[in-house]
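The values are calculated or read from the model by the stated rules, or taken from the named source; none is laboratory data. Quick caveat, the model's predicted, so the values are computed rather than measured. Counting neighbours? That spans all protein chains shown, and the Cβs are built from the backbone with ideal geometry, glycine included. The protein model used for the area step is the full one, side chains on, heavy atoms only, and it has no ligands, DNA or RNA in it. Shrake-Rupley method; radii C 1.70, N 1.55, O 1.52, S 1.80 Å.
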Amino acid sequence: MNRFLLSIFALILALFAGARVARATDLDYTELARIPVQDGGRIMPMDSYARLRLLQFSGRSTFGKRPAIEWLARLVFDPAHSQTDTVFLVNNPEVLEAMGLDDLSGRRFSYDQLRPGLEKLRELASAAAQHEENQRNPVEKEFLRVYHNITTFASLGASFRFAVPHPDFTVTNAVLRAQLNLPADQENFSFLDMHTHAKSLSADIQRLAARPPESWSADESDLFALSSTLFNWSRYYRDLPIAMLPIPAHNEEQWISPWDKLAFGALDDTSSNELFAMQNMAQAWLAGRNAEFKLAAHSVARSIASRAEENRALRHLNLELTYNRIDPLYRAQILYGFAFLLSLVALLRTSTLLRRFTLAGIALALIPHTYGIVARMMIMGRPPMTNLYATFIFVAWVCVVLGLAVEWYQRNGLGAFLSAVSGLVLLMISNRFEMQNDTMGVVIAVLDSNFWLSTHVVTITIGYAGCIAAGLAGHIYLLQALKYPDNHPALRSSARAVYGLLAFGLIFSFLGTMLGGVWADQSWGRFWGWDPKENGALLIVLWCSILFHARWAAMIGNLGVAAGSVLGVIVVLFAWIGVNLLGVGLHSYGFTSGVALGLWIAVAIELLFVAITVPVIYARRRPISS
Amino acid sequence: MNDETHKTSRAAAIWAYLGSAQITTYGLAFLMVLTFWGTLYQVQNGLYLAKERFFDSWFFLAAGVVPFPGTQLVLAVLMLNLVVYLIRLLARKKLTFGLLVIHLGLLLMLGGGAITHLFARESQLTLAEGESGSASASYGDWEVAVWSREGDMLDVMAYNSNALKAGDVLRFEDAGLTLRVEEYYRNARAFQSTTPLTNAPLSSHNLSSLRSTKLAKEPGENIAGAVITIEQQDGAPARAILFGEDEVPTTFAHDGKDYTIALRRMRDPLPFVVTLQDFRKEMHPGTGIARHFSSRVTVSSDGVERDMVISMNKPLRDRGFTLYQASYREEPGSDAQWSTFAVMHNYGRMIPYIATGMVSFGLAWHFIVMMVRRARRSGGASA
């Protein structure tokens, strides 16, 4: 029996180890992944940029089981071959219908597939953009989202066009070639080549423009044509990604894209070297020359990093790369999953060995989970909860630790089960938020205070976690009371867990709410203002207090406290997520679209759960007590 | 059992019930309903109206007909409940240290809330760069102010105009002025006549009439308006239109002196002068997300000047007043910037801090005591 269990455990671990091993490829992307990029107000490695864009388009962080960076490289260096990549996630079939693409099936589509309906989509999206954001219906939001993704895709496709030879810059005229001092063995040039070589001729071109075109010689006409092409290109290719070049003028803070740099005119030696390194990188990629590709990418990364040495974010690029590669929260999730399965069996069979395995699984899962939280804090230089995604991860962590505390107290598998369930479920929910935005994005001005973020927000979030854990224990109590109404020791133990966790939740919710008041008093001058988020936190405190006072007044018993703690989950969800959906008040930031449905479902499930279990338990119990 | 003891036992029962956890449970439940309802109400009606209806009220009518207790009433009941509970707790000498501290802290918090509710003053000060101010303006309260200039001194007299209605009479005794209110609107729109009027009313902006309009979600968006008659001791009374958005106040002569009259947001004089030197706004690079706002100001009081930066989470505190960076304004196409400070004056400011400390300490104490006791008990049971 024991050996059997051990072998299952080993098998599980082996499966896990094999879950995300990258396959070898012909090109090495590590150097490209390392290039710093500015996006959404922060500096990140190109690797994160690629993942964010891919997540934004497709809701996944890999494409065809390949890392996002490979997909991005193909898109920027060879856009023509990216148009069949099925990266556009369309959540609502009505969008396809409206685009006249009813015959398409599936959820993700390529640029080529969507192209016939693009004009219509543009029309629909610009109509939707006329409405205020909270006035848009879900279909309109989806029009805008998909259209925005397609335009972003198109601009990414153009972002490296300066570096690739183009027929517009094929120069065969010998006189012109001599004038431009072009290398003898090359006829096809990139915009960057021509931009650099034509610089010296700007005076000639101006003189030429002053004379009537009839008086130009054939060579002069060619020169002028070339100069107009350059001019048209620089007019056309503007406001494009990817912001890879820091401008020294703004304290190294403003980063611009290569195209913007070219549009600014004069290039100094450093920028010129960087741009040519980018060109080498693009051309080496296209030719499939690995060593050259790596070398060019390396010199781009090094040159930019050396110029922006002051920037704090650059110090954590490697950490972010490691974080991306390890994907710690995904690993934690899988381990919690196994721990959950083990703990289920452990609860049913009351096997000490199984209980130990469960605890080992949870402890193993806590390693990447903790690493994930700490790494995110270091990368952002912020406490671990600047957006909903981060709060979910943190709440999951606290719930797991609370579960372990209960286990330490009671040693009967209940706490371990609680840990595994909360870790698994909350991290799975957090995945839904990861899709929506940069999870390490910048914070708005009102949150710009690490001290208060780390006191008020951390405390209140621990309070949420305490109440959620109490709610989970409440579920367990109700299920036990339903299934084994006579197992009094088990019921008592669960009731005690509910009670303790609820008290823990109350303490931290209260402290967090009041610290919020202190923060509000410090920054706005009023301790309490009935703002929705304040009210939400207050509701948790009130609900917990009601349960304790009602219990004390003997208005409810253990069953009531357990049912109340399950309903408390609804109160927490309202305070934590619901008020952000209301769209009013000082706290109405954070990305929340699409969350509402999930929230309603959760509320409905909890209500149903209580409405079904409690009457049944109560009805069975009545004859005994009366 | 005689009547006397029956009565006392009934009184004792009522007394006990007043301090019971049952009352607390009901009170907290009502408070929860009010909080939830008031939060949802804000979506449609804004914070100010929600506060007026749910949180600053003793009673309100639900759905227009059903009387429902307001937050003030519920809090008063809870406070009574708490006081009785504490007295009973002390009288019976049945003290649990943690519970006592928690509930004393809560009592202090409710008391502090009452002080703030009754006495705190909240106003705003908006300054352009380079401008100085020594009085803040209320957000939602209005006043009719009359002043005359004597040399460098302004002699200002003002009436709170929140409850003004047609037919009210305002007397400014020192100046011997009597103003009769003909029309008053909490939120008004003003109209100018296109044709020149005979017998035009006094108005610095040539207004000809006012019309009432619906109250706005935000009290700051309401613009009060009034039509008044200035009674002259000798000569015919003069009719004046005062509109809250008049940039230049209306002037008139009375008793050989020049007077200025304005309907304006209520002024709260500050014990110092604030000069806005520079307003700064930083954005996260390459985004439209604000990162940081700050105002460099000079504060002068008693002839001494000092420079300081007021920013988010870093207010100016001086003589019981606190100034916070609240918002800003920019004119498109120009460099001009305005910075708005929220001005607070609150004697009860520190109370919630102390109360929070007490309650949190009490909760933690009680929790730990219970955990230790339980651990001992279960340890004893297994032994």
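To the nearest 100 Å², how much accessible surface do chains A and B cover up together, summed over both, with a 1.4 Å probe? Interface area, both chains combined: 4600 Å², rounded to the nearest 100. Computed over protein heavy atoms with a 1.4 Å probe, the carbon and sulfur contribution to the accessible area of the range A:327-442 reaches 68%. Of the residues B:Thr178, B:Ala262, B:Leu210, the one whose Cα sits farthest toward the positive end of the charge dipole of the range B:140-267, with +1 on the Cβ of Lys and Arg and -1 on the Cβ of Asp and Glu, is B:Leu210.
Sorted from greatest to least, the principal axis extents spanned by the alpha carbons of the range A:171-274 come out as 49, 33, 20 Å. Normalised per residue, the accessible area of the range B:140-267 is 57 Å², obtained with a 1.4 Å probe and no contribution from ligands, DNA or RNA.
Computed from Cα atoms, the angle from the helix B:71-91 axis to the main principal axis of chain B rounds to 40 degrees. Placing R0 at 56 angstrom, the Cβ-Cβ distance between B:Glu52 and A:Lys65 gives a FRET efficiency of 0.45 after rounding to 0.05. Summarised as an ellipsoid, the range A:467-626 has semi-axes of 33, 18, 11 Å, derived from the eigenvalues of the Cα gyration tensor scaled by 5 and square-rooted, with the largest first.
Quick one: pull the percent of accessible area on the range A:135-207 belonging to carbon and sulfur, 1.4 Å probe, ligands and nucleic acids left out.
Roughly 53 percent, rounded to a whole number.
Stick to the Cα atoms of the range A:89-137, pair each with every other, and give me the Kirkwood hydrodynamic radius in Å at one decimal. If you can, show how the numbers build up before the last one.
Values: mean 1/r = 0.0865 Å⁻¹.
After inverting the pairwise mean of 1/r, the radius is 11.6 Å.
For the pair A:Ala363 and A:Glu133, the difference between a 0.36 nm per residue extended length and the Cα-Cα distance amounts to 78.4 nm. Computed over the alpha carbons of the range A:302-354, Rg followed by Dmax gives 20.8, 62 Å. One way to sum up the overall shape of the range B:227-383 is the equivalent ellipsoid from its Cα gyration tensor, whose semi-axes run 54, 26, 17 Å, largest first.
Each of A:Leu479 and B:Val248 was given a label point 7 Å from its Cα along the Cα-to-Cβ line. The distance between the two points is 7.8 nm. Calculated accessible area for the range A:467-626 comes out at 39 Å² per residue, all protein chains present (probe 1.4 Å; ligands, DNA, RNA ignored). Site pair B:Ser300 and A:Tyr236 shows an inter-label distance of 6.2 nm when each label is modelled 7 Å from Cα along Cα→Cβ.
With an 8 Å Cα cut-off and a minimum separation of 6 or more residues, compute the relative contact order for the range A:181-260 in percent.
Once normalised by length, the contact order is 19 percent.
Listed cross-link partners A:Lys533/B:Lys51; B:Lys165/B:Lys257; A:Lys141/A:Lys533; B:Lys281/B:Lys314; A:Lys120/A:Lys141; B:Lys165/B:Lys214 are compared with a 21 Å cut-off, the Cα-Cα value being larger for B:Lys165/B:Lys257; A:Lys141/A:Lys533. Relative to the longest principal axis of the Cα atoms of chain B, the long axis of helix B:3-18 lies at roughly 60 degrees. The calculated P(r) of the range B:140-267, using every Cα pair and 10 Å bins from 0, goes 13, 46, 33, 8, 0 in percent. For chain A, the Cα gyration tensor yields ellipsoid semi-axes of 57, 26, 23 Å (square root of five times each eigenvalue, largest first, whole Å). The separation of the range B:3-39 from the range A:501-579, counted between C-alpha centres, amounts to 21 Å.
If I fit a long axis through the Cα atoms of helix B:351-382 and take the longest principal axis of the Cα atoms of chain B, what angle between them do I get, 0 to 90°, rounded to 10? With rounding to tens, the tilt is 20 degrees. Counts of other chain beta carbons within 10 angstrom of each beta carbon in peptide A:544-555 average 5. Legend: mean number of C-beta atoms from other chains within 10 angstrom of residue C-beta atoms, peptide A:515-522, equals 3.
Considering only protein heavy atoms and a 1.4 Å probe, what is the carbon-and-sulfur percentage of the accessible area of the range A:467-626?
70
Across all directions, the shadow cast by the convex hull of chain B built on its C-alpha atoms averages 34.3 square nanometres.
Listed by chain and number, the lysines placed with their C-alpha closer than 28 angstrom to that of A:Lys483 amount to none; residues fewer than eight positions away on the same chain are left out. Relative to the current alpha-carbon distance between A:Thr151 and A:Asn431, full extension at 0.36 nm per residue lengthens the span by 98.3 nm.
Taking 18 Å as the straight-line reach from the Cα of A:Lys261, the aspartates and glutamates in range (excluding those fewer than 8 positions away in the same chain) are A:Asp39, A:Asp193, A:Asp239, A:Glu252, A:Glu253, A:Asp269, A:Glu274. Considering only alpha-carbon pairs that sit under 8 angstrom and 6 or more positions apart, the relative contact order computed for chain A is 11 percent.
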